[in-house]
């Protein structure tokens, strides 16, 4: 479609689309509901940004992280696309009011699933011509929505309030059951589905055993002394992120910082910016870091602790090598690591005694509605537990008034979600501890793909060497135009 290529060059100065971008955009332009799973670095954001700039009206982008919103807005503004905004807690009351009063002047509005639930926000948005409802990082609906951020589960209702605009759901990794959960939660009717391969052939995959924590630290330092920079080290906790970043600075000549959800937003923004601009060698981070980070030259992703599911693993290693050059994914494994993810899953839910106590407390206060604030103040709930309990308590009471059955309903939900999460964890661990089969082949099979050919540097089982020096010599492609090289220099990747 020549018209799309014209607008692609007009707004983004690109002459060609990446694989599947054009087909997705064509379907979006015909007002179809679309689900697209595209590998990290394949230009997912362009699939809603370009239609937003061409179509009349406002495109709403549901985005999970404040830093991700800010990063995308700044990139668009650097490209000269000014009619875009992020509505979030960074803003002052005056700034929020200005955005809501001038919605008709924007083409793209980034907003979190929590912010869009606010009455004044939804009221103003409902008065607009919404051309597209995009859900970025849509796997969060399945991975975060049911427990941590239940507002994800309300997005289909929000979309109805906004006049049921066409929906585009985007993710980089979703196994078939996660895809089904996303489609069900968003209630997408007759969606067009695009599933690109999750295989990132320029990333070699390595799992390295370590007998205990001390050996893991030594292996980590050994790798960091020889791996090309920059890189990311994923850990399981905030405390570990801080300790490892200090250790790296003390035992190597590298600059290293920690990044996690317990830091102030200002500190997180500063560290993210330093990393993007090449002022930091290594980021030790929890899974709060990396989503939407547009840094094409990350040379390695090292998992000091493994994630709870293969979807997260694919998301996280996909942050390496977005420039197409050889990169490495290394996972350190130890039997000691098995305790933490199980404990983490258990702690994601309120305990049965808490549920019983909260139910009694609510029943005693007949006039008291079940709310997050009430549960935290009167029942000692953590915020995420209060959010979970409130969501399913209210869901039950929307369909039934039998108070004596609501506790059993919530406990069944918990049991089902725990079972699902432990199954995903078991699949992750089976992949980690299987030393007989090509790791890439098993990953592809998990996501419903077949391995057709192997890259030269495939995985450790197939003989890949993550430290082979010639892998990391950057040679510009003969097919690169001067415009492509200039865009690469300024990190202008879609």
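The values are calculated or read from the model by the stated rules, or taken from the named source; none is laboratory data. Please read all numbers here as calculations on a predicted model, not as lab measurements. Because the Cβ atoms are built from the backbone with ideal geometry, glycine has one as well, and the counts that use them run over all protein chains shown.
General remarks:
- Among the criteria (1) outside the structural domain of residue 314 (by TED's automatic domain parsing); (2) in a helix (DSSP H, G or I); (3) surrounded by 13 or more Cβ atoms within 10 Å (Cβ to Cβ), the one residue 373 does not fulfil is (3).
- Checked against the criterion of being within 22 Å of residue 269 (Cβ to Cβ) and surrounded by fewer than 19 Cβ atoms within 10 Å (Cβ to Cβ), region 64-71 contains one or more residues that satisfy it.
- The residues of region 225-246 that are touching a residue at least 60 places away in the same chain (Cβ under 8 Å) and either crowded, with 17+ Cβ neighbours inside 10 Å or touching a strand residue (DSSP E or B) at 6+ places or on another chain (Cβ under 9 Å) (or both), listed by number, are 227, 228, 229, 230, 231, 232, 233, 234, 235, 236, 240, 244.
- Qualifying residue in region 398-405 (condition: surrounded by 16 or more Cβ atoms within 10 Å (Cβ to Cβ), more than 30 Å from residue 229 (Cβ to Cβ) and not assigned by TED's automatic domain parsing to the domain that holds residue 235): no
- Cross-chain or 6+ apart pairs with Cβ under 6 Å, region 140-154 first and surrounded by fewer than 23 Cβ atoms within 10 Å (Cβ to Cβ), then not in a helix (DSSP H, G or I): 140/64; 147/348; 151/113; 151/114; 153/145
- Selection status of residue 160, farther than 30 Å from residue 127 by Cβ, surrounded by fewer than 19 Cβ atoms within 10 Å (Cβ to Cβ) and out of contact with any helix residue (DSSP H, G or I) (no Cβ under 9 Å at 6 or more places or on another chain): no
- Selection within region 360-376 - farther than 24 Å from residue 152 by Cα and at pLDDT 90 or above: none
- Inspection of region 118-139 finds no residue satisfying the criterion of being touching a helix residue (DSSP H, G or I) at 6+ places or on another chain (Cβ under 8 Å), farther than 20 Å from residue 48 by Cα, surrounded by fewer than 21 Cβ atoms within 10 Å (Cβ to Cβ) and touching a residue at least 60 places away in the same chain (Cβ under 8 Å).
- Scanning region 16-33 for residues that are farther than 25 Å from residue 199 by Cβ and at pLDDT below 90 gives no hits.
A quick yes/no check of all residues on (1) more than 26 Å from residue 445 (Cα to Cα); (2) touching a strand residue (DSSP E or B) at 6+ places or on another chain (Cβ under 7 Å):
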site	(1), (2)
248	yes, yes
260	yes, yes
263	yes, no
270	yes, no
278	yes, no
281	yes, yes
286	yes, no
303	no, yes
306	no, yes
